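Each remark here refers to the structure printed beneath this line.
The values are calculated or read from the model by the stated rules, or taken from the named source; none is laboratory data. Since the model is a prediction, treat every value here as computed from it, not as a measurement. As a convention, Cβ positions derive from the backbone with ideal geometry for all residues, glycine included, and neighbour counts pool all protein chains shown. To get the accessible areas, we keep the full protein, side chains included, count just its heavy atoms, and leave off ligands, DNA and RNA. Shrake-Rupley method; radii C 1.70, N 1.55, O 1.52, S 1.80 Å.
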Amino acid sequence: MADKDSDQIIVMKFGGSSVADAQHIKNVAKIAISEKERGKSVVVVVSAMGKTTDGLIKLAAEVTDNPPVREIDMLLSTGEQVSIAMLAMTIEAMGYKAKSMTGWQVGIKTDAEHTRAKILNVRDKVMREELRDGNILIVAGFQGITEDGEITTLGRGGSDLTAVALAAALKADCDIYTDVDGVYTCDPRIVPNARKLDIISYDEMLELASLGAKVLHSRCVEVAKKFNVPLQVRSSFHPDVLGTKVIKEVKEMEDIVVSGVAFNRNVAKISVLGVPDKPGIAANLFTVLGEAGIIIDLIIQNVSRDNINDISFTVSIDDLKRAMDVLEKFKNENSAARIVADNEVAKLSVVGVGMKSHANVAATMFQALAENNINIENIGTSEIKVSVLIREKDLDKAVRAIHEKFNLSEGH
Ligand code: ADP
Ligand code: ASP
Ligand code: MG
């Protein structure tokens, strides 16, 4: 429960498209001021303006193929520093007190995993002091500092995580303002008749986010669930429209079999062909990948002839090169015939807590794909999701067909 002092604190987060230029920043300033006018203490977390972070990554690529991760963090963290200062100036110009602060100034401590650092703890002292002084506090998203004083970043889309971590530290609510007015049954850019959800459970949102729905960063949802942060997604362009609340699972949610469809084009399939069919091979394979920090998914093993197996699985495209390097050694040591990489694939998933108590979800999903002549390559399931790997060129058609098959635009 929120303590008395914190009852009134709200953490608001605005993504890149919401602060893309001066006009947008003025809009954000007005939304923050209106919360202040309602008597709340306001903390605003912002991302870098527009596509700044992409631009900085491209800039680095112009000088090297292999930039040191420490320097990448030094570079990328500048994006948010521009937007916090711009927003603070704008709010001051509108006659309200505001102060911008970097991740390290407010005390967001992380581990030393540059470009994908984990938040270890957040101090609330400095923030509370600033709020007590009446400032609208503007904090840079996506960045933190290590024990040794090194600047880190939290992984792409990590400003959502900053916002929730600050809300957890302040025992405040967290509103994520973005360019859509809530969480939909699927990305509305691909499925125009997708339906906005009024509520979604932390677990479903966590699955959707980790399976590719970038409306929220998956670790942000994880932290919100862990610390029970009241989390809401809403539109910075229509701030009066009710958004989507991410809440603890309630019994009625189980009546809804599928809540949403997510997809991820950023995956690659690796096939390890012609490995001996004997105990220990899969263990060796996934141990070397695990030791290299590579996360694998959607595993399939085919028994072919003469005690020879093929094993295929998916990795993030970002890890593909590293995985192939590690597997070259595995191939030689385990007498595998060939390792083949394929990045023209995409992962498509359906998610819903109702799957726990309803059969046939996989069958319905596979039927929709069959009716559209789309071949399934790998499959993975959990209690609340079914994922398939298909050709990337079929993805949009497949997403729409599945959304339609489960009647998701109509609701329940
Ligand atoms: P921000 O810059 O505000 O962090 P993002 O681009 O990271 O915004 O996330 C918002 C985008 O997420 C939307 O524009 C939308 O295309 C996409 N998206 C993907 N899946 C969903 C979904 N299920 N519901 C809503 N938006 C989604
Ligand atoms: N600016 C960072 C990015 O583009 C963080 C964020 O936007 O959340 O990934
Ligand atoms: Mg985002």
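Once both labels are positioned 7 Å from their Cα atoms along Cα-to-Cβ, the gap between K397 and K51 label points is 2.8 nm. What the phi angles of region 40-57 give under the Karplus curve with 6.51, -1.76 and 1.60, with θ = phi - 60°, is a coupling list of 8, 8, 10, 10, 10, 10, 10, 8, 5, 5, x, 9, 3, 5, 4, x, 5, 5 Hz, glycine and proline written as x.
A simple spin-label model places pseudo-atoms 7 Å from Cα toward Cβ; at I295 and D198 they are separated by 3.3 nm. Across the options I402, F227, I311, the greatest Cα extent toward the positive end of the charge dipole of the chain (unit charges at beta carbon of Lys, Arg, Asp, Glu) belongs to F227.
Of the residues T178, T152, T364, the one that moves most in a GNM of the chain with alpha-carbon contacts below 10 Å is T364.
Could you tell me which of the pairs K385/K405; K51/K99; K321/K397; K269/K329; K118/K196; K40/K214 are separated by over 21 angstrom between their Cα atoms in the structure shown? Don't jump to the answer; show the numbers that get you there.
On the way: K385/K405 16 Å; K51/K99 24 Å; K321/K397 29 Å; K269/K329 18 Å; K118/K196 31 Å; K40/K214 29 Å.
The answer is K51/K99; K321/K397; K118/K196; K40/K214.
Using a cut-off of 13 Å between beta-carbons, work out the net charge of the residues near I308 (Lys and Arg +1, Asp and Glu -1, I308 not included).
Values: positive: K278, R305, R338; negative: D277, D306, D310.
Spelling it out: positives minus negatives among the neighbours equals 0.
Do you know the relative contact order of region 98-159, to the nearest whole percent, from alpha carbon pairs under 8 angstrom that are 6+ apart?
Numbers: 125 pairs, mean separation 26.5, N = 62.
Over region 98-159, the number comes to 43 percent.
Highest mobility in the GNM of the chain, judged by mean-square fluctuation with C-alpha springs under 10 Å and restricted to N264, N66, N284, is found for N66. Accessible surface area normalised per residue over region 1-122 is 50 Å², counting heavy atoms of protein chains with a 1.4 Å rolling probe.
Projecting the Cα atoms of L166, V257, I270 onto the charge dipole of region 155-290, computed from C-beta unit charges around the Cα centre, puts I270 farthest toward the positive end.
All other residues with a Cβ under 11 Å from the Cβ of A262 taken together, and with Lys, Arg as +1 and Asp, Glu as -1, what is their net charge? Intermediate values should be presented prior to the final figure.
Values: positive: K214, K347, K385; negative: D187, E204, E207.
Net local charge, A262 excluded: 0.
In what order, largest first, do Y202, Y96 sit by accessible area if the probe radius is 1.4 Å? Walk me through the numbers on the way to the answer.
Numbers: Y202 15, Y96 65 Å².
Sorted descending by solvent-accessible area, the residues read Y96, Y202.
Along its first, second and third principal axes, ordered by size, region 199-338 spans 63, 31, 26 Å in Cα coordinates.
In a fully extended conformation the segment linking R305 and D255 would gain 13.5 nm over its present Cα-Cα distance, using 0.36 nm per residue.
Scalar couplings 3J(HN,Hα) for region 69-80, obtained by applying the Karplus form with A = 6.51, B = -1.76, C = 1.60 to θ = phi - 60°, are 4, 4, 6, 4, 5, 4, 6, 5, 5, 5, x, 6 Hz; x denotes Gly and Pro. For region 232-369, the Cβ-based charge dipole about the Cα centre amounts to some 80 debye (Lys, Arg positive; Asp, Glu negative; other atoms uncharged). If you take all other residues with their beta carbon under 13 Å from the beta carbon of G290, and give Lys and Arg +1 and Asp and Glu -1, the sum is -2. Charge dipole of the chain (Cα centre as origin; +1 on each Lys and Arg Cβ, -1 on each Asp and Glu Cβ, all else neutral): 420 debye, rounded to the nearest 20. Using C-alpha pairs under 8 Å with a sequence gap of at least 6, the mean separation divided by the residue count of the chain gives a relative contact order of 14 percent. For the chain, what % of the accessible area comes from carbon and sulfur atoms, probe 1.4 Å? That fraction is 50 percent.
In this structure, the amide hydrogen of S235, modeled 1.01 Å from its nitrogen in the peptide plane, lies closer than 5 angstrom to those of T178, counting only residues at least 5 positions away or on a different chain. Taking the charge dipole of the chain about its Cα centre, with +1 at Lys and Arg Cβ atoms and -1 at Asp and Glu Cβ atoms, the residue from V353, Y184, I145 reaching farthest to the positive side is Y184. Please check which bits of region 342-356 a label hung off E404 would reach, taking the label as a point 7 Å along Cα-to-C-beta and the cut-off as backbone N under 20 Å. Flagged as within label range: 348-351.
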